[in-house]
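The structure appears below as structure tokens.
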Amino acid sequence: MDKQDLHGKAAIITGGSSEIAGEVALALTREGVQVCLCGRNVDLLEMAADKIKLLGGVCLTIVSDLDSLEAAESVVEQARSTFGSLDILITLSPFWAGGQIHNHSVKTWDLVLGANLREPFLIARAVLPLFREQKHGEIMAIGSDSSMGIYQQDGAYGVAMHALTTLMELIRVENVESGIRTHILAPGVALTENTDSEGRPALTVEHIGEWVVWLLTRPGQLRGNGPILI
């Protein structure tokens, strides 16, 4: 089967201040994708954008907390108006924090669920009307292997990762007839180096970028995926 050509397509990546987001953006840039990185830290966003531009790529950076539907809709509209189209949404879960339920910090609970579940909902809610209207779109969540099991002291993060899978499955079943595919990646700890502190081969951020490209270039008639443990 022929792979999908990503050249000329446009993508939003949330959690854009993270190393994983930067590497995913570089991987997509090499495939000819125009990238919008959305995150909280302007300096880290600009560093990632500079690397993309060195490759000859196009990168829009947007500083946003994605704390409301209006904020999410603004990100979608800025990306669409800048690139002239929008085809791909990739959400990244930005941070881990947990604890045992009987003494879990309520503040931590709210922060983790907000960043790892509410933000993906808001940006998906903002982009889905456009994807449904144009009858195509790819939505990918890059979460964690915490979505694949129950681990002590995972707390709010573990709950958020399981709920993120459910959210993506709901999006899939409600939108498959509109030509929209969903994908879920569930990586373990990803490093910037090829080996861990004990010299063993490690999952790297480059590996995650490679998985993202593989999923998005699969033939369009094939169904979405997830969760995929890597």
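Please go through the range 18-47 and give me each residue that is over 18 Å from TRP96 (Cβ atoms) and of a type in the set (Asp, Glu), ordered by number.
If the condition is that a residue be over 18 Å from TRP96 (Cβ atoms) and of a type in the set (Asp, Glu), then GLU23, GLU31, ASP43, GLU46 are the ones that fit.
Among the candidates THR166, THR204, THR182, THR195, which residue alone is closer than 20 Å to ASP5 by Cα and among the hydroxyl-bearing types (Ser, Thr, Tyr)? Spell out how you get there, then give the answer.
Values: THR166 fails: closer than 20 Å to ASP5 by Cα; THR204 fails: closer than 20 Å to ASP5 by Cα; THR195 fails: closer than 20 Å to ASP5 by Cα.
Within the list THR166, THR204, THR182, THR195, the selection yields THR182.
Yes/no per residue for (1) touching a residue at least 40 places away in the same chain (Cβ under 8 Å); (2) closer than 27 Å to GLN153 by Cα; (3) within 18 Å of the chain's Cα centre (by Cα):
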| residue | (1), (2), (3) |
| --- | --- |
| SER74 | no, no, yes |
| ARG80 | yes, no, yes |
| LEU89 | yes, no, yes |
| ALA97 | yes, yes, no |
| ASN103 | no, yes, no |
| ASN116 | yes, yes, yes |
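We did not get these values from a lab; they are worked out from the coordinates using the rules stated. The structure presented is a predicted model; accordingly, all values stated were derived computationally and were not measured. Don't worry about glycine lacking a Cβ; one is built from the backbone with ideal geometry, like all the others, and counts go over all protein chains shown.
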